[in-house]
1. Can you report the number of residues in the range 301-316 which are outside any helix (DSSP H, G or I) and of a type in the set (Val, Ile, Thr)?
2. Given the criterion at pLDDT below 80, closer than 18 Å to Ala167 by Cα and open to solvent by less than 70 Å² (accessible area, probe 1.4 Å), identify the matching residue among Ser51, Ser88.
3. Test each condition in (1) closer than 22 Å to Gln444 by Cβ; (2) open to solvent by 30 Å² or more (accessible area, probe 1.4 Å); (3) among the hydroxyl-bearing types (Ser, Thr, Tyr) for Ser493 and report the one that comes out false.
4. Applying the selection to the range 384-414, what residues are within 18 Å of Leu526 (Cβ to Cβ), of a type outside the set (Gly, Ala, Ser) and open to solvent by 20 Å² or more (accessible area, probe 1.4 Å)?
5. Condition check: touching a Cys at 6+ places or on another chain (Cβ under 9 Å) and either open to solvent by 10 Å² or more (accessible area, probe 1.4 Å) or among the polar types (S, T, N, Q) (or both). Does Pro272 satisfy that?
6. Identify all residues within the range 487-497 that are in a helix (DSSP H, G or I) and under 17 Å from Leu400 (Cα atoms); write none if there are none.
7. Just a yes or no: is a residue in the range 225-245 in contact with a His (Cβ under 7 Å, 6 or more places away or on another chain) and part of a helix (DSSP H, G or I)?
8. Quick check on the range 24-45. Is at least one of its residues at pLDDT 65 or above and outside any helix (DSSP H, G or I)?
Amino acid sequence: MNQRPGAMRGLKGRAPGAAAAAAAAAAAAAAAAAGERDARLLTARLVAAPSWRALRRAARDGAARGGLNAIHVSAALARLARLVPDGSEQRQDPHLLDFLSDLEAVAARLLAAPRHATAVAPADPLVARGAQAAAPAALQRLQQERAGGVQQVAAPEPQQLATIAWAWGSLRHDPSPACWDLYWGASAAKLGQHTPQELAMALWGLGRLRRRPPAGWMAAFETASRRRLWAFKPQELSMVLWALAALGLPPSDGWWRQARAAALAKAPAFAPRDAAQVLWAAAALGVAAPADWVDGLLRAVQGQLPLFCPHDVSNTVWALGRLGRREQHQQQQQHLDQDHERRQESRVQSEDPPAARAGASDSPPAQHQQHGGAEMHKRWVGRLLLVLEGSNVKTARTTLRQHANILWALAALGMQPSASWASITWSSTGAALAAAAAERQRRQQQAALALDEGPAGQRAHLAPPGGSAPPLIDERDAAQIAWAAAVLPQGPSGAWLRTFWAATGPDLPGYGAQAAAVLLWATARLGPAAGAAAPPAAWSGAALAAVRADLASLQPPGACQLLWALAALRHPPSEAFMRQALARLQLELHLLPPAGFACVLRALGALGYCPGDTWWDTLWYCLRPAAHGFGARELAGVLFGAAALGRRPPPRVLRELGARALVVLPRSSAREQGALLSALARAGWRPAGVAGLSESGRDPASSSLAAAAAAADDARELVLRAGARALAGAGAGAGASAADVVGLLAGVRRLGVAPDAAWLRVALDALDGRDGNDRCVPAPRNAAAAIAVLAALGAAPEQGWVEAMVGAMVVPCAQEEQLQLQAARQQHGHPWPAPAALPEPSLLDSAAAGIAGWTHVALPEPLVRALLEARLAARAREGGRADDVPMAAWEALAGRLAR
């Protein structure tokens, strides 16, 4: 074979170069293999580290020898989270905090790689911090070798991204905003590659830190998780829902419907913690949670109820209280709207009497539905409480926060727990409050000792960064416990309340306005019931100062409670404070519920503080749209409060309130009817005012309110028919007392409605306690008022009825009172004792005038004498002269007796 000259020489010349390249490739492969082996060994060393200090040494060695990749950082953070659990004192170690900061810096460089470049300068802070602890010569040589080039950095994979977020959340380490920006950018594009477990871990970590992601990241998360919801394990689904609730990010309706269905399908595999977290998340997010879904979820785990720990019981009970209360409000509003539509249709199509149409709102289907949902929530709450009540260990481990959740739910659902459970709970909360007060005192003594003995550098750890220690009793817990204590029928004792004041007093300056207002309201309501005196002046002053400092965040319900508490405690605030509080409330008057309007006006009336004209104009403007939801109590509160301040609603508002009153009267009790009729009369309303309101004078907002009244042939007839129904129930012992009946009679009289003889006969029977109806046996004052009112209404009672009423009036001057009168005369020479049960002199005079006007009644001489003696004693009690008596009525009685 002929070869070109020099060909072999050329081949021989290239052979050494090829061999060198092959050798270099082999060396590079060996180095890469060695690097991978070293990386795996480092990962294993990080995962197996027995302590956080050993973990730090391993991380520093890895950073010095070859650098840390995303796997190393995520493994180090995950191991650190397990080595230093929640509550560990090691979390406050400054060296540990430095280690966390170093890991954050390395993670930030790794997260920045996919956004900027694939190469970064290897300047690890772990190496810098570990330089002093390792061999200086070796480290310097290694740093010089690495400084000569640029290290390629791989972008973190989905698993590492999820683990980093989970570990940050577990460690409660919140990185800098710049680091989070890098995380959002690196993570958002890869959420579609995350497994269900990785999605749950990432969002759980964010929820633990309360770190809200950007809208774009959240949209990508919802898209990635929605199509795989059914692949989530029970724990992963509960983690996602809990994190959404912790972040306050309600999902879309479509996402939640799928999540709700998946949760119900996976419920049999739920652990107690999973079921509690799912229900808690549904309640906290405010998403739709039908009663049948809640019931099905709990039925699936009912076999595990004894395994529920106090934390799970607390979260589940709180969720049931929140969901049950929301469902009740929704059903009541729907019921009210349906009632208005039905009334508007019946005004045109039906000839039914107005009273029947007014009572038609209590339709059996709606009542049954509302009752069933409420009973379901209460039933499960009762079963969960048995879990705690049946275990002394669980009861002892229940924290103050858990007690607060349970008590709030019981009060919100209107439940009445057993006396034994209430006693144990109030004892446990009282002990927790006392322990908090003792712990605060111990800390104060420790701080004082450190100030006396230690240098400033050694005692710096005792003072928090903000300069004031965080409250030992969280404001949310304090407000919930106090609110429940005031609402529940089995309230705590006066000693408990004094302990509560002592424990929360030092923390009040750090509370928000809303919590401070709730505490004042609960104290005002609970104090008399618990037999405790008013709160200490220092406690009340601190609560008011907390409200004043945070007045801008005071919500309308809190403003209502604040004003009511000030009135109940008889603690009139300064003029400046009232101006500020009412100016804040004026901005959100349109958000007040019906009961809020009544509470505000009653409180202002009791305080004697009248706002300016602009405030009143705003109030009436905001009240009109809410008037369709007013009940008898709300109407009476608004009208009485305004009248106490010398204010009357504008004519149009008054007509609408009167029309609403005619709607609610037929379903109101005797007490509510009496208060409402008296309030209407005091405001200047008369039934004819509604009947005369023409259709053209009604706007759309008021036409529905006045529909029932406009359809009535006679509004007076409606008032009397509703009153007769309430009086008939009182006469049958249906719950109304004699005071309620007298109040209803007074309201009818003040309103100027003239009842007929049959109506008056029902009223007389309602007050006749001779048939064994002890509830309707009137007190002396009510007996005198009944005689005066019925006489003014034109009633003609029989002899026996009048004698029974007069006998009730003179009870204080009989038997024991007569003995006290004789003893007072003998020992002190004071002829006129002061029995507290005697009616006022003017009321006795009115009663005497009424009896004198009944010419068919002739009282026996002993009753007349006893009545006159009661009159003289009442006059003496008020400081008047014994002979200062208007004698016209009494002379008429005496003259009739003489005949």
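The values are calculated or read from the model by the stated rules, or taken from the named source; none is laboratory data. Model, not experiment: these values are computed from the prediction. A quick note on method: Cβ atoms are made from the backbone with ideal geometry, for glycine too, and the neighbour counts reach across all protein chains shown. These area figures cover heavy atoms from the full protein model, side chains too; ligands, DNA and RNA do not enter into them. Shrake-Rupley method; radii C 1.70, N 1.55, O 1.52, S 1.80 Å.
1. Keep residues of the range 301-316 that are outside any helix (DSSP H, G or I), which gives 301, 308-309.
Now drop any that are not of a type in the set (Val, Ile, Thr), which leaves 301.
Qualifying residue count for the region: 1.
2. Details: Ser51 fails: at pLDDT below 80.
So the residue among Ser51, Ser88 that is at pLDDT below 80, closer than 18 Å to Ala167 by Cα and open to solvent by less than 70 Å² (accessible area, probe 1.4 Å) is Ser88.
3. Just one mismatch for Ser493, condition (1).
4. Of everything in the range 384-414, those that are within 18 Å of Leu526 (Cβ to Cβ), of a type outside the set (Gly, Ala, Ser) and open to solvent by 20 Å² or more (accessible area, probe 1.4 Å) turn out to be Leu400, Trp408.
5. Values: touching a Cys at 6+ places or on another chain (Cβ under 9 Å): yes; either open to solvent by 10 Å² or more (accessible area, probe 1.4 Å) or among the polar types (S, T, N, Q) (or both): yes.
The answer is yes for Pro272.
6. Taking the range 487-497 as the starting set, the residues that turn out to be in a helix (DSSP H, G or I) are 487, 494-497.
Correct list: Trp496, Leu497.
7. Just the residues of the range 225-245 that are in contact with a His (Cβ under 7 Å, 6 or more places away or on another chain), to begin with: none.
No: the range 225-245 contains no residue that is in contact with a His (Cβ under 7 Å, 6 or more places away or on another chain) and part of a helix (DSSP H, G or I).
8. No, the range 24-45 has no match at all.
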